[in-house]
Amino acid sequence: MKIKNEYVKIKTDKRELIFNNLILDTYLRRMVEIQENFDNQYWQSPFLSKCYVKFDRKLDFDVESILYPSDFDIEFTMTNNYISNSTNKNEIEYIYKSASRYSNKKITAIGFFANDICYACLDLFDYSLTIKETDNVSIVRKDIISTEATFNSSSSRVTYPIHLTPLPIEWNEANPKTTEEYPYYESLASAHIYSVGLGTNKNDMQKEIVLDDNNVEFFGDKIIFRNIFSNENLLGILEPSSRQPSNNLYPTDTENYFTHIFIKYKLYYNIYDRQGGINYQHVDTGKWYTLSVPITATGDFDYAIKYERSDKNGI
């Protein structure tokens, strides 16, 4: 799964400048961590609703940096967003504006945040980008989260990988399973990782193993499936002898057996104890989708979900 910043545009009354920002490790880890806890309210990618701007002084940072709003000088708030979803690519564009005015300030850095966590940052110290007091300034960013996996869904209502977008899907349930303790239903659904498996084609998972604490590990920017690809579980797959976190499995004669590995996500809606309440329970919709990738008959293959930047430069 790849995360790419398509652009950051800084617009004033008279000009538009286009850049690419650095995706921080916090973004990659968030994609993994949000799926780790089933009790999270939703399981979505970061929704970068705010950005912060630093003036005049240089901000030193790299991919591993943990940045806070206090590292910047003023706040820009998202005024609009546009989301486009497809089976293998999800795009979101944010537009930010500020109510503040600036008096001949030089922009040196811009950080993009969700819930006071910085997930991407743009270094502008070497650019002579000075904002005049009369300038109206807006910032626009566009991100793309993509996968090369084949998408399949059990429902015509589910047409894209919901966990790769920042917002849940609209979900109108005809007869929601509310209870006396949780009588309120919210018409949104989110997707949580449920199982892995194998099949002899890209559309049909024929062998499925439900994930639990014993066979899945959430490790940095990876979701690693451990101790499940054994001859006892999956015919035709030989597990390496090492039990340490690894990315590799070695197929044995998979041409005659399985040709694709599958990751399955189940959809859930929430019921609440009161309107606007913070206490909720997840309810299984009975719907799901899978992402499948080919198993190559020679060499090794990746059996971890890995989130990475779009290229080695982190852009």
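The values are calculated or read from the model by the stated rules, or taken from the named source; none is laboratory data. What you see is a predicted model, and the numbers here were worked out from it, not measured in a lab. Ideal geometry is used to build each Cβ from the backbone, glycine not excepted, and the neighbour counts take in all protein chains shown. Surface accessibility is based on the protein's heavy atoms, side chains included, excluding ligands, DNA and RNA. Shrake-Rupley method; radii C 1.70, N 1.55, O 1.52, S 1.80 Å.
Among the residues of region 84-98 satisfying the criterion of being charged (D, E, K, R) and open to solvent by 60 Å² or more (accessible area, probe 1.4 Å), which is nearest to MET31 (Cα to Cα)?
Filtering region 84-98 down to residues charged (D, E, K, R) leaves 89, 91, 93, 97.
This time we only want the ones that are open to solvent by 60 Å² or more (accessible area, probe 1.4 Å), so: 89, 97.
Values: LYS89: 15, LYS97: 27 Å.
Among those that are charged (D, E, K, R) and open to solvent by 60 Å² or more (accessible area, probe 1.4 Å), it is LYS89.
Hey, any hits in region 71-83 for a residue that's surrounded by 21 or more Cβ atoms within 10 Å (Cβ to Cβ), closer than 17 Å to ILE139 by Cα and among the β-branched types (Val, Ile, Thr)? If you could, list the steps in order and put the result at the bottom.
So in region 71-83, the residues surrounded by 21 or more Cβ atoms within 10 Å (Cβ to Cβ) come out as 72, 76.
From what's left, closer than 17 Å to ILE139 by Cα: 72, 76.
If we keep only those that are among the β-branched types (Val, Ile, Thr) as well, we get none.
So far as region 71-83 goes, no, none of its residues is surrounded by 21 or more Cβ atoms within 10 Å (Cβ to Cβ), closer than 17 Å to ILE139 by Cα and among the β-branched types (Val, Ile, Thr).
For region 35-54, how many residues are surrounded by fewer than 16 Cβ atoms within 10 Å (Cβ to Cβ) and of a type in the set (Phe, Trp, Tyr)?
The qualifying residues number 1.
Residues of region 42-62 being in contact with a helix residue (DSSP H, G or I) (Cβ under 8 Å, 6 or more places away or on another chain), under 23 Å from LEU129 (Cβ atoms) and not basic (Lys, Arg), which ones?
TYR52, LEU59
Here is a check on your reading of the model: is GLU64 under 30 Å from ARG157 (Cα atoms), open to solvent by 10 Å² or more (accessible area, probe 1.4 Å), acidic (Asp, Glu) and within 23 Å of the chain's Cα centre (by Cα)?
On the way: under 30 Å from ARG157 (Cα atoms): no; open to solvent by 10 Å² or more (accessible area, probe 1.4 Å): yes; acidic (Asp, Glu): yes; within 23 Å of the chain's Cα centre (by Cα): yes.
Judged against the criteria, GLU64 is not a match.
Which of the residues spanning region 85-98 are in a strand (DSSP E or B) and farther than 30 Å from THR150 by Cα?
Hits for region 85-98 are ILE95, TYR96, LYS97.
Which of the residues belonging to region 132-156 are open to solvent by 40 Å² or more (accessible area, probe 1.4 Å), modelled with pLDDT of 95 or more and not polar (S, T, N, Q)?
The answer is LYS142, and nothing else.
Please enumerate the residues belonging to region 1-33 that are open to solvent by 10 Å² or more (accessible area, probe 1.4 Å) and β-branched (Val, Ile, Thr).
Going residue by residue through region 1-33, those that are open to solvent by 10 Å² or more (accessible area, probe 1.4 Å) are 1-2, 4, 6-7, 9, 11-20, 22, 25-26, 29-30, 33.
The answer is THR12, ILE18, THR26.
Residues checked against (1) within 19 Å of the chain's Cα centre (by Cα); (2) among the small types (Gly, Ala, Ser); (3) over 30 Å from TYR194 (Cβ atoms):
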position: PHE19; (1), (2), (3): no, no, yes
position: TYR27; (1), (2), (3): yes, no, no
position: GLN35; (1), (2), (3): yes, no, no
position: ASN90; (1), (2), (3): yes, no, no
position: SER100; (1), (2), (3): no, yes, yes
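Considering only region 99-131, how many residues are modelled with pLDDT under 95, outside any loop (DSSP other than H, G, I, E, B) and open to solvent by 10 Å² or more (accessible area, probe 1.4 Å)?
3
Mind checking which residues of region 46-84 are assigned to a strand (DSSP E or B) and small (Gly, Ala, Ser)?
Matches in region 46-84: SER84 only.
Those residues that are among the aromatic types (Phe, Trp, Tyr), at pLDDT below 95 and within 19 Å of the chain's Cα centre (by Cα), I need them from region 268-312; list them, please.
Step one: list which residues in region 268-312 are among the aromatic types (Phe, Trp, Tyr), which gives 268-269, 272, 280, 288-289, 301, 303, 307.
Narrowing the set further to residues that are at pLDDT below 95 leaves 301, 303, 307.
Once the filter is applied, which keeps residues that are among the aromatic types (Phe, Trp, Tyr), at pLDDT below 95 and within 19 Å of the chain's Cα centre (by Cα), region 268-312 yields TYR303, TYR307.
Assuming GLU64 fulfils every condition listed in (1) free of Cβ contacts under 8 Å to residues at least 60 places away in the same chain; (2) in contact with a strand residue (DSSP E or B) (Cβ under 8 Å, 6 or more places away or on another chain) apart from one, which condition is it?
Of (1) free of Cβ contacts under 8 Å to residues at least 60 places away in the same chain; (2) in contact with a strand residue (DSSP E or B) (Cβ under 8 Å, 6 or more places away or on another chain), only one is false for GLU64: (2).
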